[in-house]
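Coordinate-derived values only; no laboratory data. Quick caveat: nothing in here was measured; it's all calculated off a predicted structure.
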Amino acid sequence: MSQNEARYTVRSLIVTALVAAIGTVLVLEMSGKISHSENKDHMPVGDFQAIHVTEEDPFRMSPKASELHAVCENGYLAIAADVDPSFRGILVDYKNRGVRCARPSPTGPAVPPAPKAPDTNE
């Protein structure tokens, strides 16, 4: 190698990579290619899957608990965060149909009626 050949330091390569990554994100943001949803009401809380469990097949599950819990909301299963219980989402299937908390009665209504507000006209 000749004495005049330019050599790049590791630091300059790392700085160049960081500047390129930040520049790419800024250009994508300014051109509108990165979308940010303003409507938080229809955001998915998580991605879930059902696992068919039989007595013959062993079932392995992580020993760590998730940071979510399930509650029954108006007859449908809702998933809520442990750190913020007000952050809830109704569990739906692939066709956006709600998952019920209990098996409905064949003679009862399909969805339990919402609780009535107390009458204040007394």
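Ratio of alpha-carbon Rg to the 2.2 N^0.38 Å globular estimate for region 43-103, to two decimals, please.
Dividing the Cα radius of gyration by 2.2 N^0.38 Å gives 1.27.
Give, in nm to one decimal, the length gained when the segment between Val99 and Val10 is fully stretched (0.36 nm per residue of separation minus the Cα-Cα distance).
26.6 nm
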